[in-house]
Amino acid sequence: MAVEDIFSIQALIAHFSNAFDIKDWDGLQSCLTDTLATDYSDLRGTPPATVSAADYVQARRESLQNLSTHHLSGNYEIHFDDVLNATCRISMVVWRKTGDDEFTSHCLYTFKVTKIKYDWKINGITQKILWNEGKVSIHPGAKP
């Protein structure tokens with residue numbers, strides 16, 4: 001695959017991550033396909049699901065509206081299935097804060113991405129929690 005595709009996928013994941021932190025919900029939605037497969041069972045205890053991009057963004061907007069966040073990612077591993085589809089696994093630390101309370105997740109994300117015309121988009125997200133620390137109750141939807 002072209003180096004440009006690797007950089008484009010890294011930029012996509014960076015845009016996705018930063019959109020949470022600056023609460024750029026339109027920017028977040030622009031990173032996604034119309035529907036996407038999600039698996040946040042490690043954090044929420046809910047089963048994997050296929051959701052619309054709009055519903056995905058709305059759920060994040062509601063659960064994070066009262067929190068400050070910082071998503072920091074690295075250790076990119078990108079494997080191309082073919083010229084239009086790839087899997088990107090990254091390490092991420094997600095800090096969440098409100099007042100003096102904090103809740104942090106150390107995790108691995110696996111993103112499924114697809115190329116639509118000239119842009120890469122996320123069509124699948126799996127979060128694997130390595131460990132959490134802090135006060136889980138500040139993050140609505142996170143299991144205790």
If only one of Leu84, Leu28, Leu32 is in contact (Cβ under 8 Å) with a residue 40 or more places away in the chain and among the hydrophobic types (A, V, I, L, M, F, W, C), which one is it?
-> Leu32
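Within 15 Å of Thr110 (Cα to Cα) and over 13 Å from the mean Cα position of the chain (by Cα): which single residue out of Phe80, Phe16 fits that description? Working first, answer last.
Values: Phe16 fails: over 13 Å from the mean Cα position of the chain (by Cα).
The conditions single out Phe80.
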One residue from Thr38, Thr110 being polar (S, T, N, Q) and out of contact with any Cys (no Cβ under 8 Å at 6 or more places or on another chain) = Thr38
Sole miss for Gly45 among (1) surrounded by fewer than 16 Cβ atoms within 10 Å (Cβ to Cβ); (2) touching a residue at least 24 places away in the same chain (Cβ under 8 Å); (3) closer than 16 Å to Leu108 by Cα; (4) of a type in the set (Gly, Ala, Ser) is condition (3)
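Suppose the filter is in contact with a Gly (Cβ under 8 Å, 6 or more places away or on another chain), farther than 25 Å from Lys117 by Cβ, modelled with pLDDT under 95 and surrounded by 15 or more Cβ atoms within 10 Å (Cβ to Cβ); does Ser91 pass it? Steps first, please.
On the way: in contact with a Gly (Cβ under 8 Å, 6 or more places away or on another chain): yes; farther than 25 Å from Lys117 by Cβ: yes; modelled with pLDDT under 95: no; surrounded by 15 or more Cβ atoms within 10 Å (Cβ to Cβ): yes.
Taking the combined requirement at face value, the residue does not satisfy it.
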Qualifying residues in the range 48-77 (those that are out of contact with any Ser or Thr (no Cβ under 8 Å at 6 or more places or on another chain) and of a type in the set (A, V, I, L, M)) - the one nearest to His106 (Cα to Cα) | Leu64
Per the list (1) surrounded by 17 or more Cβ atoms within 10 Å (Cβ to Cβ); (2) part of a strand (DSSP E or B); (3) not β-branched (Val, Ile, Thr), residue check on Glu102 breaks on (1)
Tell me which residues, restricted to the range 32-42, are buried (at least 16 other Cβ atoms within 10 Å of the Cβ) and closer than 16 Å to Tyr109 by Cα.
-> Leu32, Leu36, Thr38, Asp39, Tyr40, Ser41, Asp42
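How many residues are part of a strand (DSSP E or B) and of a type in the set (S, T, N, Q) if we restrict to the range 51-91? Before you say what the answer is, go through the steps one by one.
We begin by selecting, within the range 51-91, every residue part of a strand (DSSP E or B); these are 51-52, 68-82, 85-91.
Then keep just the ones that are of a type in the set (S, T, N, Q); that gives 52, 68-69, 73, 75, 85, 87, 91.
Counting residues in the range 51-91 that are part of a strand (DSSP E or B) and of a type in the set (S, T, N, Q) gives 8.
Against the definition (outside any loop (DSSP other than H, G, I, E, B) and either touching a Phe, Trp or Tyr at 6+ places or on another chain (Cβ under 8 Å) or within 18 Å of Thr50 (Cβ to Cβ) (or both)), how does Lys115 come out, yes or no? Even if it seems obvious, please write down each step before you answer.
Values: outside any loop (DSSP other than H, G, I, E, B): yes; either touching a Phe, Trp or Tyr at 6+ places or on another chain (Cβ under 8 Å) or within 18 Å of Thr50 (Cβ to Cβ) (or both): no.
For Lys115, the condition - outside any loop (DSSP other than H, G, I, E, B) and either touching a Phe, Trp or Tyr at 6+ places or on another chain (Cβ under 8 Å) or within 18 Å of Thr50 (Cβ to Cβ) (or both) - is not met.
The values are calculated or read from the model by the stated rules, or taken from the named source; none is laboratory data. The shown structure was predicted, so the numbers you read here are calculated from the model rather than taken from an experiment. Quick reminder, even Gly has a Cβ in these numbers, built from the backbone with ideal geometry, and neighbours come from all protein chains shown.
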